[in-house]
1. Would you pull out the residues with amide H under 5 Å of Tyr3's amide H, same chain only if 5 or more places away, H placed 1.01 Å from N?
2. Kindly express, to the nearest 10 degrees and within the range 0 to 90, the angle between helix 72-85's C-alpha long axis and the longest C-alpha principal axis of the chain.
3. Using only Cα atoms, figure out Rg for segment 161-209 and give it as a multiple of 2.2 N^0.38 Å.
4. Hey, which of these cross-link pairs are over 21 Å Cα-Cα: Lys75/Lys234; Lys75/Lys231; Lys169/Lys234; Lys22/Lys52; Lys134/Lys181; Lys209/Lys231?
5. Sort Thr186, Thr90 so that the residue with the fewest other Cβ atoms within 10 Å of its own Cβ comes first and the one with the most comes last.
6. Using a simple charge model, +1 on the beta-carbon of Lys and Arg, -1 on the beta-carbon of Asp and Glu, nothing else, what dipole does segment 2-113 show about its Cα centre, in debye to the nearest 20?
7. Under a cut-off of 12 Å between alpha-carbon atoms, report the aspartates and glutamates in cross-link reach of Lys48, not counting same-chain residues fewer than 8 places apart.
8. Of all GluC sites (Glu not before Pro) in segment 1-98, which ones are in loop regions per DSSP and have a Cβ with at most 15 other Cβ atoms within 10 Å?
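Values quoted throughout were computed directly from the atomic coordinates according to the rules given, and no laboratory measurement underlies them. These numbers come from a predicted model, not from an experiment. For neighbour counting, all protein chains shown are included, and Cβ atoms are generated from backbone atoms with ideal geometry for every residue, glycine included.
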Amino acid sequence: MSYKLEYNKEFQNFKNILLDIKSIFSQNSGTIHLARNELKVIEIENIKTVVKAFRVPNFLNQFVYAYLRKSKAYKAFHNATKLHELQVSTPEAIGYIEFFNMGLLKESFFISKEFKYDFTIAHIRDDQPKYKEKVLEDFAEFSYDIHKKGVWHVDYSGGNILIRKEGDKYIFSLVDINRMKFRSITGYEGLENFNKLWFNKEDLITIAKTYSKIAGLDENKAISEILMHDKKLKDKVLLKRKLKGRQ
């Protein structure tokens, strides 16, 4: 079995860790997320890390990721590196490794430092805490800042935005970053990026008001845009669910 790896030069001692990551991962019980992929918090070399094990792709994608496209682990590492260059918060990347058998991609892992957070943006949406307005205003400001830097998080959703309170400000950090685009984001276009958050109308209006004020956009048009994109995606998802229910 062959492999390919890269690591942050500030973590030189992690090269051997990456080579042994399958054993380290299997022996650790600190799972914090288990679905398509699995995440574990593991202390390595006195550093609290989050290790993400990507599901082994189907046979076709084993070939695709080996020869035609970059793997999710590769993208997570390089996107994190790019975000840090742009001064956009995301857990610091340590390294990634891909394992191949007979030229096909099998297991792959991405390691980052743990980001201590208090809650995710999903908490604001689902629990509607009394401090939600301040969080949403700060979130709109954060979102405009990353859009201004050309960062488009394709999976900008409830569980992928970590939040930590520092003083009277809320700090936001992006995770699940293997699907990102770095490009120019103009005017009202950024308001579409909120459509996967599934906020209610009141919360979307709060975001649109703050975003439009910072971006110098017309407030009423910004509200109309954010609600339109939200409804468009919700209608699409609900239709798919309805059709599946009939099958």
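1. Residues meeting the criterion, in which the H sits 1.01 Å from N, are Phe100.
2. Once rounded, one gets 60 degrees.
3. Details: Rg = 13.1 Å, N = 49, 2.2 N^0.38 = 9.7 Å.
Relative to the rule-of-thumb radius for its length, segment 161-209 sits at 1.36.
4. Working: Lys75/Lys234 28 Å; Lys75/Lys231 30 Å; Lys169/Lys234 31 Å; Lys22/Lys52 11 Å; Lys134/Lys181 28 Å; Lys209/Lys231 18 Å.
Exceeds cut-off: Lys75/Lys234; Lys75/Lys231; Lys169/Lys234; Lys134/Lys181.
5. Values: Thr186 9, Thr90 25.
Placing the least packed residue first, the sequence is Thr186, Thr90.
6. So the magnitude is around 380 debye.
7. Glu92, Glu114
8. Values: sites: Glu6, Glu10, Glu38, Glu43, Glu45, Glu85, Glu92, Glu98; in loops: Glu45, Glu92.
Of the GluC sites (Glu not before Pro), the ones in loops of segment 1-98 whose Cβ has at most 15 other Cβ atoms within 10 Å are Glu45.
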